């Protein structure tokens with residue numbers, strides 16, 4: 001089952017398995033046969049030639065998987081160009097169903113491919129454009145674990161506001177989270193609540209999106225981090241308005 005959004009996996013998802021108890025406090029009884037940890041470690045070492053994080057091992061162990069499925073997922077990832085070190089860094093993907101990984105890869109390639117007009121482009125240029133989605137996936141392999149609907153809504157949101165939709169970190173949070181940060185900036189930097197006219201409010205919204213389009217780091221920051229930056233951002237906005 002896909003988790004939304006899973007770029008930063010929550011350790012809370014593994015709490016029942018780690019603590020061996022459910023929410024009621026009674027001993028946890030897994031609904032399926034778990035992958036023995038010793039066998040799992042040996043298999044991962046055989047496939048990747050190195051050990052992976054305990055978190056990844058726990059994630060795979062908690063998945064309804066087996067040796068054949070893990071090997072098949074590994075082969076799919078390798079087939080699509082991911083190196084062993086890259087797979088090791090996102091080893092929890094080995095706990096995914098191989099067919100799901102394959103489907104997600106194909107969906108991502110279609111969504112992340114840079115739009116272009118092929119007229120007048122040389123063959124090498126066309127290939128470069130078509131390869132853009134592959135490079136993004138190779139860099140941000142965790143995207144293969146995202147819900148396809150989350151990816152699509154993120155691409156649409158970022159593209160509609162002129163932002164780079166091939167940024168794997170931005171693709172890891174929902175449009176709702178991004179709007180929450182835009183709302184914070186409008187309130188704390190652009191004094192949105194004090195604005196009287198529709199024209200002023202429209203201009204503030206435009207300026208807020210212009211700001212984050214040039215500084216996408218702001219959409220990656222937590223609200224707490226934005227709190228610490230708001231003074232400097234207010235000063236910058238005030239200077240820009242005077243200019």
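Figures for the structure shown
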read-out	value
Whole-angstrom gap from the stretch 88-111 to the stretch 165-219, using each part's C-alpha centre	31
Efficiency of FRET between residue 215 and residue 106 - r from beta-carbon atoms, R0 45 angstrom, step 0.05	0.85
Sorted by Cβ neighbour density within 10 Å, fewest at the top, the residues 59, 159	159, 59
Over the stretch 174-243, volume per residue of the alpha carbon convex hull, in Å³	89
Gyration tensor (alpha-carbon) shape descriptor, the stretch 33-101, a/c threshold 1.5	oblate
Contour minus Cα-Cα distance for residue 37 and residue 227 (0.36 nm per residue)	64.1 nm
Modelled FRET efficiency - R0 25 Å, residue 206 with residue 180, Cβ distances, 0.05 increments	0.85
Pairwise label distance in nanometres, residue 79 with residue 134, each label 7 Å out on the Cα-Cβ vector	1.5
Length gained when the stretch residue 152-residue 71 is fully extended (0.36 nm per residue, less Cα-Cα span)	26.3 nm
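FYI, it's all coordinate maths here, none of it is from the lab. Given the structure is predicted, the values throughout are model-derived calculations rather than measurements. A quick note on method: Cβ atoms are made from the backbone with ideal geometry, for glycine too, and the neighbour counts reach across all protein chains shown.
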